[in-house]
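Undergrad: Following this message is one structure expressed as structure tokens.
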2 protein chains.
Amino acid sequence: SLLQELEECCATNVLLQGVRVLITAGPTREAIDPVRFLTNRSSGKMGYAVAQAAAKMGAEVILVSGHVALDCPPGVQRVITESAADMLKATCEYARQSHLFIATAAVADYTPVAVADRKIKKNADTLHLEMKRTVDILATIKQEYPNLFTVGFAAETHDLMAYARSKLERKGIDMIAANSVADGKAFDQPTNALEVVWQDGHYSLPEMDKHQLAEALMKLVAAQYNQRNTTG
Amino acid sequence: SLLQELEECCATNVLLQGVRVLITAGPTREAIDPVRFLTNRSSGKMGYAVAQAAAKMGAEVILVSGHVALDCPPGVQRVITESAADMLKATCEYARQSHLFIATAAVADYTPVAVADRKIKKNADTLHLEMKRTVDILATIKQEYPNLFTVGFAAETHDLMAYARSKLERKGIDMIAANSVADGKAFDQPTNALEVVWQDGHYSLPEMDKHQLAEALMKLVAAQYNQRNTTG
């Protein structure tokens, strides 16, 4: 009935009322020289949809984003960052005041050891690019703010569920949403599917529009978050 | 006078009437694995403005473009490409039927020796990326079509003019338009400045809107192109 729908809608609207949600989204850019950089195929669509869904559920949302071709969702405060190091810095800053952290960004795992301050000339037939690991944003946040309810994302080409479960335990985080990026799936597409995993549960969200998917995911996240905060 | 302006305008409209112009624009993407790639800060704005200016001058324009956030200019036929190798293939294909070739694209000079077919895992503290030279599009086109009137672009952080003149001679092309990318200049900006160099001449176009600049450049190009085709 209309009343029922209205009740459901209202109930959704307050699921994250007063909750400060920090979300990272999009790709990072690791400079090789002033012109060239390393990046990835993340469009930021999923993260932006998650930010929009959280705002609709009454949350105060901060979106720490890499460079994307998307507008900031209504009611969301956005901070644009460049490299993994920049994103780490902004995320740490906003984590202090947040209740819930959702890491959807496709952060570079490696960054060049040295950045050339001039454009590298193409004199040599080969170029050896030496890269070092970046600082893990999720692990750093977890260490600095162990009680922050944290949701990670995983994009994998193979062994999705096994990898998601292992990442959940290894990182000591609360939930993981894993998607398949095999055969160009997920990246820059309007639809996606997610395997959502937590300590004592699991839910498969089938392929659907990223906005619908983000709303379904955020209901699962809100349920786990509210359960911990009422029972814990 | 109005008549004079009208005459000038009409004269501009037919400067490249019946000339088939091939233009490359934007960055290329060199895949490291299914997720990560190497690219550069080219927005494609200058190349798209050049394509639009050429179309306005009556040319039939083919635009071979990398991934950019720009719409195809009116009256221009666009072909989207991914890597330097893809762009080379498309460019060679369309060069056969072209009279004038303008290479504005920021093509990768290096590409990974091997592309991983799965996402590279971040197990190691360091990653050595071995890269090899890509095939030079300008040089290949010049070799295959030695009589094609060819204009190159150069983006440099230092020694602009010296580099432009040396590139003109080394590549054996007809004209070079060089711009400075020091301190983030030119890339993804609405304005730009160009040093235009040819065998027996040189012209400095001061900083202005990229659309105005493209029109000024195309007048210089049309003048040289038409001079060669009437005297040659």
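Bear in mind these aren't lab numbers, they're just calculated from the coordinates by the rules spelled out. What you see is a predicted model, and the numbers here were worked out from it, not measured in a lab. A quick note on method: Cβ atoms are made from the backbone with ideal geometry, for glycine too, and the neighbour counts reach across all protein chains shown.
Undergrad: Is the protein assembly as shown best put as rounded, prolate or oblate by its Cα gyration tensor, with a ≥ b ≥ c the root eigenvalues, rounded for a/c under 1.5, and otherwise prolate when a/b is larger than b/c, oblate when not?
TA: Details: a/c = 2.59, a/b = 1.97, b/c = 1.31.
Since a/c reaches 1.5 and a/b is larger than b/c, the shape of the protein assembly as shown is classed as prolate.
Undergrad: Compute the distance in nm between two label points, each set 7 Å from the Cα along the Cα-to-Cβ direction, one at residue B:208 and one at residue A:143.
TA: 5.5
Undergrad: In addition: Put the label 7 Å from Cα along Cα→Cβ for residue B:140; what are its distances to the other copies, in nanometres, shortest first?
TA: So the distances to the same position in the other copies read 4.1 nm.
Undergrad: List the pairs from B:122/B:167; B:45/B:219; B:89/B:132; B:45/B:122; A:167/A:219 whose alpha-carbon separation is above 28 Å, in the order I gave them. If you can, show how the numbers build up before the last one.
TA: Working: B:122/B:167 40 Å; B:45/B:219 18 Å; B:89/B:132 18 Å; B:45/B:122 35 Å; A:167/A:219 22 Å.
The answer is B:122/B:167; B:45/B:122.
Undergrad: Report, to the nearest 10°, how far helix A:160-171 tilts away from the longest principal axis of the Cα atoms in chain A, using its own Cα long axis and a range of 0 to 90°.
TA: For A:160-171 against chain A, the angle is about 90 degrees.
Undergrad: Still on this model: Expressed as a rounded percentage, what relative contact order does chain A have, with Cα pairs under 8 Å and six or more residues apart?
TA: 19
Undergrad: Anyone know which of A:132, A:122, A:171 comes out most mobile in the 10 Å Cα GNM of chain A?
TA: Ranking A:132, A:122, A:171 by mean-square fluctuation puts A:122 first.
Undergrad: Starting from 0.36 nm per residue, how many nanometres of slack lie between residue A:130 and residue A:191 once their C-alpha separation is accounted for? Write down the numbers at each step before the final one.
TA: Details: separation 61, 0.36 × 61 = 21.96 nm, distance 3.56 nm.
Contour length minus the Cα-Cα distance gives 18.4 nm.
Undergrad: If you average the C-alpha positions of the range B:89-145 and of the range A:144-213 separately, how far apart do those two centres end up, in angstrom?
TA: The range B:89-145 and the range A:144-213 have Cα centres spaced 34 Å from each other.
Undergrad: Ordered shortest first, which distances in nm separate the 7 Å Cα→C-beta label point of residue A:75 from those of the other copies?
TA: 4.7
Undergrad: Where does chain B land at 222 nm, in deg cm²/dmol rounded to the nearest 500, when only DSSP H runs of n ≥ 4 count, each adding -39500 (n - 2.57), divided by all residues?
TA: It comes out at -10500 deg cm²/dmol, rounded to the nearest 500.
Undergrad: What is the mean number of Cβ atoms from other protein chains located within 10 Å of the Cβ atom of each residue in peptide B:33-46, rounded to a whole number?
TA: So the per-residue partner count for this stretch is 5.
Undergrad: Classify chain B as rounded, prolate or oblate, taking a ≥ b ≥ c as the square roots of the eigenvalues of its Cα gyration tensor: rounded when a/c is under 1.5, otherwise prolate if a/b is larger than b/c and oblate if not.
TA: Verdict is prolate for chain B.
Undergrad: So which residue, out of B:138, B:127, B:217, gets the largest mean-square fluctuation from a GNM of chain B using Cα contacts under 10 Å as springs?
TA: It is B:127.
Undergrad: A further question follows. With the label 7 angstrom out along Cα to Cβ, how close does residue B:166 come to the same site in each of the other copies, in nm, nearest first?
TA: Output for residue B:166: 5.0 nm, nearest copy listed first.
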